[in-house]
Amino acid sequence: MLARIYSAAVLGVDAYEVEIEVNAAGGPPCVVVVGLPDTAVKESRDRVTTAVSNSGYYWPRGRTTINLAPADIKKEGPSFDLPIALGMIAAAQEIDDEIFADFSFVGELALNGAVRAVKGVLPVALEARRRGKRGLIVPEANAREAAMVAGIDIFGVANLRNAFQFVRGEKQLTPERGDWSEFFAHHQSYEVDFADVKGQSHVKRAVEVAVAGAHNILMIGPPGSGKSMLSKRIATVIPPMALEEAIETTKIHSIAGLLGSERAFVATRPFRSPHHTISDVGLLGGSATPAPGEVSLAHNGVLFLDELPEFKRSTLEVLRQPLEDGRVTVTRAAGTVTFPSEFMLVAAMNPCPCGYFGDLKRECRCSPVQVQRYRQRISGPLLDRIDLHIEVPAVEYRDISSDRAEEKSDAIRARVAEARERQQVRFRRDGKTTCNARMSARQIKAHCKLNDDSQELIRIAMTELNLSARAYDRILKVSRTIADLEGMEAISPDHVSEAIQYRTFDRNLWI
Ligand SMILES: Nc1ncnc2c1ncn2[C@@H]1O[C@H](COP(=O)(O)OP(=O)(O)O)[C@@H](O)[C@H]1O
Ligand SMILES: [Mg+2]
Ligand SMILES: [Zn+2]
């Protein structure tokens, strides 16, 4: 007796259909799983047989072979428990597997037969819809997340019995209703706003310039000066995600198991803030299950690295690939997968180990050598990819105590959106570049022409302020963005001199 049933597995950010065959034959009882499953699938054999018995069903008496196809992809995770169990029950009862044909199934089983949440149901639902399935059976806890995909019925089940009775037509289930376009339309606001930040107008300006050109930014300031507070608000001034972007980011969060009924869809730009002790795998992704790392969870949003010098040098260096390519390739035993990772990098650091170098009120206790060593911890290649550096001084008492209304994120975002629009128009002809930060050397040449005055200004800065050669291109790109914010086609000396100010680290003035 052979029972065929469908499931799906996630590879990278997408899912592919998995066909499961359960074949019951004569002979001494044993259960064999084939199709290159990993250890998780083998472990599932024990859970499944126990869950089947504890749900009051028999599993086939003789030799049972379970085959997961396609065989050439290593499958991971416990999400095949439910379909395997259903297939075994059908094989044991000699029921026609037609009852499974219209559906796809995912779910982990507990020993008592309860169906437990799994990761990645959003891509699984997309795949089931693509395959023309009428419905997808998922753990109850994942129903809302899967139901964001329209055009396929999502049924949440609490336990194995429910699922079997449902496909047998003995139990009614109401499909979970959701719709990402509707959810998306109503969940685009942030809980924080730039208006919460008092004073610091020059820092806010630097942030606006950074976001306008999608430039990475580094903030340097003493503890308590508001670096974390400002960073958390950066996503609020980036133009809203397009629905396609939101779906892409949601798929990644779904695969990482970060969604639930509270948060079934990622409609706002993510803000990810990994601790400096994070492992390379945690940052880039990988490990035994195909987990996206922080760089991918931040896709289309902000990756915030607080206390930058505390990160291991090697950890910062692995950020190069995602920063450069906007995606990251993770190699694991099961093969390589690629996750998208386009984010804006926001980094923060104290100016010295004690934190108060250059502070007007408190004295720094560090020796010049300590200060220098601290700053040299930041890897050059990473620094190379940060276009703006901004000093964040301790907030002034009169600012913090003032009840003057500060500008809201909405207003800043509107200006950013206009500057980005100008960039899109400009780059439309050039191909895939969409923002100033990503201009190639050729594009910089074409789009960042300087008049004689600007040229002279940069020349002076380079020599007198001892700017590095690599600072040159950064200044040009940032000047371009400042001009775009002003709606000017030509870059003026004012734009250039503002851009030069954002090179604190190169200027070496404060060492
Ligand atoms: N400009 C500001 N306006 C309002 N509150 C501020 C400002 N700067 C700092 N604060 C307050 O100080 C706290 C500490 O700031 P934080 O962002 O954690 O500083 P940092 O990350 O630089 O150490 C914030 O949570 C906030 O309550
Ligand atoms: Mg902080
Ligand atoms: Zn110090």
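Over 19 Å apart at the Cα level, from the set Lys449/Lys477; Lys198/Lys232; Lys204/Lys449, are Lys204/Lys449. For a straight C-alpha distance cut-off of 18 angstrom, the aspartates and glutamates reachable from Lys408 (same-chain residues fewer than eight places away being disregarded) are Glu191, Asp193, Asp196, Glu208, Asp399, Glu418.
For Phe105, the residues whose amide H sits under 5 Å from its own are Tyr6, Ser7, Ala8, Ile137, ignoring neighbours fewer than 5 places away on the same chain, with H placed 1.01 Å from N.
Building the convex hull from the alpha-carbon atoms of region 1-142 and averaging its projection over directions returns 7.6 nm². Near Leu323, once Lys and Arg are set to +1 and Asp and Glu to -1 for all other residues with Cβ below 11 Å from its Cβ, the sum equals -1. For region 343-462, the alpha carbon positions stretch 53, 41, 34 Å along the principal axes, listed from largest to smallest. Quick one: Kirkwood hydrodynamic radius for region 439-511, alpha-carbon pairs, angstrom, one decimal? Over region 439-511, the inverse of the mean reciprocal pair distance is 12.2 Å. Surface composition of region 194-417: carbon and sulfur make up 49 percent of the accessible area, probe 1.4 Å. Would you please state the base-10 log of I(q)/I(0) at q = 0.11, 0.16, 0.21 1/Å for region 251-373, with intensities from the Debye formula using one equal scatterer on every alpha carbon? Results for region 251-373 at q = 0.11, 0.16, 0.21 Å⁻¹ read -0.46, -0.80, -1.15. Near Glu21, once Lys and Arg are set to +1 and Asp and Glu to -1 for all other residues with Cβ below 11 Å from its Cβ, the sum equals -1.
Quick check: net charge around Val237, other residues with Cβ under 14 Å of its Cβ, Lys/Arg +1 and Asp/Glu -1? Neighbourhood net charge equals +2. Each helix, a run of at least 4 DSSP H residues, gives -39500 (n - 2.57); summed and divided by the residues of the chain, these come to -11000 deg cm²/dmol at 222 nm.
Across all Cα atoms of region 371-437, the radius of gyration (one decimal) and Dmax (whole number) stand at 18.5, 49 Å. I'd like the distance between the alpha-carbon centres of region 363-392 and region 175-234, rounded to an integer number of Å. Taking the Cα centre of each part, region 363-392 and region 175-234 sit 24 Å apart. Phi angles across region 257-262 convert, under the Karplus curve 6.51 cos²θ - 1.76 cosθ + 1.60 with θ = phi - 60°, into 3J(HN,Hα) values of x, 9, 9, x, 6, 5 Hz, Gly and Pro given as x.
Under 5 Å from the amide H of Gly285 lie the amide H atoms of Gly293, Glu294, each residue being 5 or more positions distant or on a separate chain, with H modelled from the backbone and absent for Pro and chain starts.
Annotation: amide H-H contacts under 5 Å for Arg116 (H modelled 1.01 Å from N, sequence separation of 5 or more, or interchain): Glu108, Leu109, Ala110.
Would you kindly give the portion of the calculated P(r) for region 8-92 that falls above 16 Å, as a percent of all Cα pairs?
Numbers: 1716 of 3570 pairs.
Summing the P(r) of region 8-92 above 16 Å gives 48 percent of all pairs.
Scalar couplings 3J(HN,Hα) for region 412-423, obtained by applying the Karplus form with A = 6.51, B = -1.76, C = 1.60 to θ = phi - 60°, are 5, 4, 5, 5, 4, 4, 5, 5, 5, 4, 4, 5 Hz; x denotes Gly and Pro.
Under the criterion of Cα pairs below 8 Å and six or more residues apart, the relative contact order for region 439-511 equals 39 percent. Grouping the Cα pair distances of region 194-417 into 5 Å bins from zero gives a pair-distance distribution of 1, 7, 13, 17, 18, 16, 12, 8, 5, 2, 1, 0 percent in increasing distance order. Sorted from longest to shortest, the spans of the Cα atoms of the chain along the three principal axes equal 88, 48, 44 Å. The distance separating the Cα centre of region 420-489 from that of region 115-164 comes to 49 Å.
For the chain, the solvent-accessible area works out to 44 Å² per residue, with a probe of 1.4 Å and every protein chain left in place. Entry note: region 173-275 has Rg to Rh equal to 1.04, where both radii use alpha-carbon atoms and Rh is the Kirkwood radius.
The values are calculated or read from the model by the stated rules, or taken from the named source; none is laboratory data. Bear in mind the structure is a predicted one, so any value in this text is a computation, not a measurement. Reconstructed Cβ throughout: ideal geometry from the backbone, glycine too, with neighbour counts over all protein chains shown. In case anyone asks, the SASA skips ligands and DNA or RNA and just uses the protein heavy atoms, side chains included. Shrake-Rupley method; radii C 1.70, N 1.55, O 1.52, S 1.80 Å.
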